[in-house]
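Right, one structure below, let's go through it.
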Amino acid sequence: MTRLIFLGAPGAGKGTQAKVLAGLCKIPHISTGDILREAVANQTPLGMKAKSFMDSGELVPDQLVIDLMRERLSQSDAHSGWILDGFPRTVTQAAFLDDLLSEINQLYNYAVNLEVPDEVLIARLLGRGRQDDTEDVIRRRLQVYREQTAPLINFYQTRQKLVSVDGNAPPDEVTADLKNLV
Ligand code: ADP
């Protein structure tokens, strides 16, 4: 059973690679960013709470994301495996995920860290043109990543679950490296 957690800075290619690999493995690609953007577009209560945080490059409060993930992982398609993209993003979220998975008797295989140099990240994000990809917001998101998400590298290393993959290689090579893990 394939269950992977994708780590990596904004622009590292998590979303692109997670989608391809999930398609190959025929398991759901669970992206909190996609779920939140859809909630914002549909103006759901979750979306209305999340919007201002997302627009300014801040993280949405842990409790909102935790509640949405508890619900998402309990859906029937998630029983055949999954790739998590953009979650967990804080140590609080990672600790919650460990608790939730032991509660529902699931284990993840690895946390995969896609490594990409900072200057490449900024260039990629500026080229992407998403609504929250303005230069100031990008800088803030990278800062938030370093402060709140990068500590997860150590979190998963301590648990001997961390695998690092060069995210600065051509997309097909990154996919090939990832396929070797599953
Ligand atoms: P990127 O691909 O640039 O890393 P995402 O699409 O994963 O961005 O996320 C976009 C935004 O959604 C984040 O900047 C943040 O505001 C919010 N978000 C997504 N996942 C989480 C999470 N696990 N915890 C808190 N906020 C989140």
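The values are calculated or read from the model by the stated rules, or taken from the named source; none is laboratory data. Owing to the predicted nature of the structure, the values given are computational and were not obtained by experimental measurement. Methodologically, a virtual Cβ is constructed for each residue, glycine included, from the backbone with ideal geometry; neighbour enumeration extends over all protein chains shown. Note: areas computed on protein heavy atoms with side chains; ligands, DNA, RNA excluded. Shrake-Rupley method; radii C 1.70, N 1.55, O 1.52, S 1.80 Å.
Computed over protein heavy atoms with a 1.4 Å probe, the accessible surface of region 7-91 works out to 45 Å² per residue. Net charge dipole, region 18-177: roughly 220 debye, given to the nearest 20, about the Cα centre with Cβ charges of +1 for Lys and Arg and -1 for Asp and Glu. Across region 167-175, computed HN-Hα scalar couplings (Karplus, 6.51 cos²θ - 1.76 cosθ + 1.60, θ = phi - 60°) run x, 9, 8, x, x, 5, 5, 4, 4 Hz from first to last residue, x flagging Gly and Pro. Please compute the net charge surrounding Ile27, taking Lys and Arg as +1 and Asp and Glu as -1 over other residues with Cβ under 9 Å from its Cβ. Every neighbour counted, the sum reads +1. Residues Arg139, Arg37, Arg3 ordered from highest to lowest accessible area at a 1.4 Å probe: Arg139, Arg37, Arg3. Its Cα gyration tensor gives region 3-181 an equivalent ellipsoid. The semi-axes, each the square root of 5 times an eigenvalue, are 22, 21, 16 Å from largest down. Taking only protein heavy atoms and a 1.4 Å probe, the accessible area of region 3-181 is 51% carbon and sulfur. Counting heavy atoms of the protein chains alone, His29 has an accessible area of about 50 Å² for a 1.4 Å probe. Count Lys and Arg as plus one, Asp and Glu as minus one, and take only other residues whose Cβ is under 13 Å from that of Pro117; the net charge is then -3.
For Leu107, the solvent-accessible surface with a 1.4 Å probe is about 130 Å², rounded to the nearest 10. In this view, the solvent-accessible surface of Arg89, computed with a 1.4 Å probe and all protein chains in place, comes to about 80 Å². A viscosity of 1.306 mPa s and a temperature of 10 °C, combined with the Kirkwood radius over Cα pairs in Stokes-Einstein, give a translational diffusion coefficient for region 1-84 of 116 µm²/s. For Arg89, the residues whose amide H sits under 5 Å from its own are Ala94, ignoring neighbours fewer than 5 places away on the same chain, with H placed 1.01 Å from N. Near Leu7, the amide H atoms lying under 5 Å from its own belong to Val112, Asn113, Leu114; only residues 5 or more places off or on other chains count, and H is placed 1.01 Å from N.
When the residues Tyr145, Tyr110 are ordered by accessible surface, computed with a 1.4 Å probe over the protein chains alone, the sequence from largest down reads Tyr110, Tyr145. If I take all pairs of Cα atoms in region 79-171, what percentage of them are more than 16 Å from each other? Pairs farther apart than 16 Å: 63 percent.
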